[in-house]
């Protein structure tokens, strides 16, 4: 566990990608093979099932330290991470042991059917055996979410280096439906075994935002343009008589979308289609919020199926007749895709239409119509491009429309988490409604570190009231809030819910009296909601 | 009896007509230590520990009127007795004991309970009322003994040397810098320092403090001079172009705030060492109990939480707003390292 704690320390503290990659590569070359497998699993979101909950952890920590709950809360708000707070509060361990990572994970998994007392006994004993750094990672194994800046790419590169396997192949090997409890690192990184897993999705090819004038992309005839849809990127796979639906987050979500079941019979064996999972009605996409009602649940109700019906808008064909065709040029893949979709002819499988254009000026005009199409902009794909792995520049670009904006005033501030713990970084914003202020969104990102410090200082000097971690502040600071979409919502006082709200800029030039009004928001809702 | 009052100029003794660490100019100021948020310019007369005298002259100007006293020496103003007692915070730092009739109040200034080898051993002073700092007044802040931390720093310097990197540590020119220099004096062949640290070090060496000889960094110092050596700079140097001359280097920050990962990451340092010149949670609790005070006032830091905890544990305490540390409840060092020497 010490090696893992040291690895996590470098990964979370270092600001240099090379240092992180070195540390991870070293770990993949030196750690116990079972530990390596768990590290791959943990950093690709395959956490062991939670057998102890955070309330139990907090309570046992309170019992051990004898601290009052309010003081524990105060500490948590300062640290910004529960696992770390507990690790810092516990008195030093008395029986430090040197068990490896997989030992602790296996022990934790065995607690699944244990009673509360048995769990408590184990956790207290574990805390006695671990030093502060180890306790932190141990607690994080339980509370979940090592958000410490290990990208999928970094993991892939570290494994590629340590095991001498090309990165795109590793990427495919570690994707999909594998379980660290039933496999080994050797089996996972073995090509023959990989091929045997019928469900395995291909790594998604992702685009960067276009940074230049499209003129610089060269001849428009070399490019295919499509609308960029705001749903969930997904992959539909038919292999060995089974249908698999994957999200980009590498979650198997077949069961959530019964609309796709007819594809089980309709799709030919050995097919993988890349596309967008989208709620859709009368040939038009519904707001993203409607799709959210479908994601959170295990069982879909009839009402949901009627109110938020889902289609798959196909972008690309990755496997055809059992052959991986990602290395064929896009125009070939597209032709095949069009044939497949047409032959199958089911309402739930559609083609994401290509836009016909001859000049970049023409395409720019199309882009201005994106919002009316229910899309968030354009995708540009080079007709000769192969289907690459991960986010790459050059052949695919997203060319999004400018966001909607509203000028609003900050009314509440709360401390952030992780890197931003102990700084007021999470703000709630309001618009005017007559002489009232109505809260309508929170936003967390968009300011520079320098601006965050400045706002943080201001918040501390201008708080009116304190409710736990939240401070009410004088309604003075004006920010331009940008967002991708707006929908009606009866869960919010303002009556609207925003998509991807963030701070566009600090309007130091604008007094609070001149901010936008609730009527302005409603008008945006009428136009784009 | 309320022998000290909290006014908008600072902590005031009406009977003795003097202020302790005032943040506005006053007639008579008793100074706990020479950090800029405790020792401010403009008062007519200063009283402090004798070891703080040269530091105050350096920082506030040679023309100020100042009197230095020994620890335990009693001074009387209008029938009020004042004496200074070791606080262990930085060189020359003191707690201020004020007695009027049989009532005794003690102002802690900043303090730490571990003896750092230079600043003296903190001494609990029995009193009726204790006014204590609580910069690190949450139970997440507990320090390891300094020998462990200095071993970690030495190991880090060694690893940097193996990797062909220079080692740059940031610490305030008064306090943290001397502590680092004293404990790391034999770690590298030479130690290079920023001018502010160099000047303070020269002054303290002249006064006889056992500090190593430093090399002063100037625009003409060749890059090769730093090779394999330790460099000490002020916290304000972080993220400035001044740092470029040390390439390739590893940056270490020494501060109690490094206890929390989020703070550590915000500092963009390569290494964080939890080394503080303030008392940790257990140190604060022990200090308060050892005074036997019936009443406690908590100032800068996590003052409301610490006061509530003391009160719930049978020691009536309340929070007092002061201008020390120029902070609300947060380390101001993340926003303005220049005016908060107390932050580390």
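Any read-out appearing in this document is the output of simple, stated calculations on the displayed coordinates, not a laboratory observation. Note that the structure is predicted; figures quoted are calculated from it, not measured. Cβ atoms come from the backbone with ideal geometry, glycine included; neighbour counts cover every protein chain shown.
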Peptide B:133-141 - average C-beta neighbours from other chains (10 Å radius): 4
Volume per residue that the Cα convex hull of the range A:2-143 spans, once the total is divided by residue count, Å³: 107 Å³
Once every Cα of the range A:399-470 carries one equal point scatterer and solvent is ignored, give the base-10 log of I(q)/I(0) from the Debye formula at q = 0.27 Å⁻¹, two decimals. -1.33
Considering the range B:146-273, what Rg and Dmax in Å follow from its alpha-carbon atoms? 13.7, 40
Per residue, what volume in Å³ does the convex hull of the Cα atoms of the range A:404-528 enclose? 108 Å³
Once every DSSP H run of n ≥ 4 in the protein assembly as shown is given -39500 (n - 2.57) and the sum is divided by its residues, what mean residue ellipticity at 222 nm do you get, rounded to the nearest 500 deg cm²/dmol? -9000 deg cm²/dmol
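Convert 20 °C to kelvin, take the viscosity as 1.002 mPa s, use the Kirkwood radius over C-alpha pairs of the protein assembly as shown as Rh, and evaluate the Stokes-Einstein diffusion coefficient in µm²/s, rounded to a whole number.
After rounding, the answer is 69 µm²/s.
What is the order of A:188, A:498, A:264, fewest Cβ neighbours within 10 Å to most?
A:264, A:188, A:498
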Quick one: Debye curve from the C-alpha atoms of chain B, no solvent, what's log10 I(q)/I(0) at q = 0.06, 0.07, 0.13 Å⁻¹? -0.21, -0.28, -0.96
Expressed as a rounded percentage, what relative contact order does chain A have, with Cα pairs under 8 Å and six or more residues apart? 12 percent
Under a 10 Å cutoff between Cα atoms, tell me which one of B:110, B:51, B:220 has the largest fluctuation in the Gaussian network model of chain B. B:220
Using Cβ counts within 10 Å as a stand-in for footprinting exposure, how do B:227, A:94 rank, fewest first? A:94, B:227
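Can you divide the C-alpha Rg of the range B:208-313 by 2.2 N^0.38 Å and report the result to two decimal places?
1.52
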Ranked B:41, B:111, criterion: other C-beta atoms within 10 Å, fewest first: B:41, B:111
Taking the 0 to 90 degree range and rounding to the nearest ten, how far is the long axis of helix B:195-206 tilted relative to the main principal axis of chain B, both from C-alpha atoms? 70 degrees
How far, in degrees from 0 to 90, does helix B:146-162 lean away from the longest principal axis of the Cα atoms of chain B, to the nearest 10? 20 degrees
Just to be sure I understand the curve: with the Debye formula and one point per C-alpha of the range A:205-400, what is log10 I(q)/I(0) at q = 0.13, 0.16 Å⁻¹? -0.70, -1.06
Whole-number percent relative contact order across chain B, with pairs defined as alpha carbons under 8 Å at least 6 apart: 17 percent
GNM top mover of B:320, B:30, B:288 - chain B, alpha-carbon springs below 10 Å: B:320
Please tell me the relative contact order of the range B:146-273 in percent, rounded to the nearest whole number, where contacts are Cα pairs under 8 Å and at least six residues apart. 34 percent
Compute a Gaussian network model of chain B, connecting alpha carbons closer than 10 Å, and tell me which residue from B:39, B:279, B:196 fluctuates the most. B:196
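Using DSSP, restrict attention to beta bridges with both residues in the protein assembly as shown and report what percent are antiparallel, rounded to the nearest 5.
65 percent
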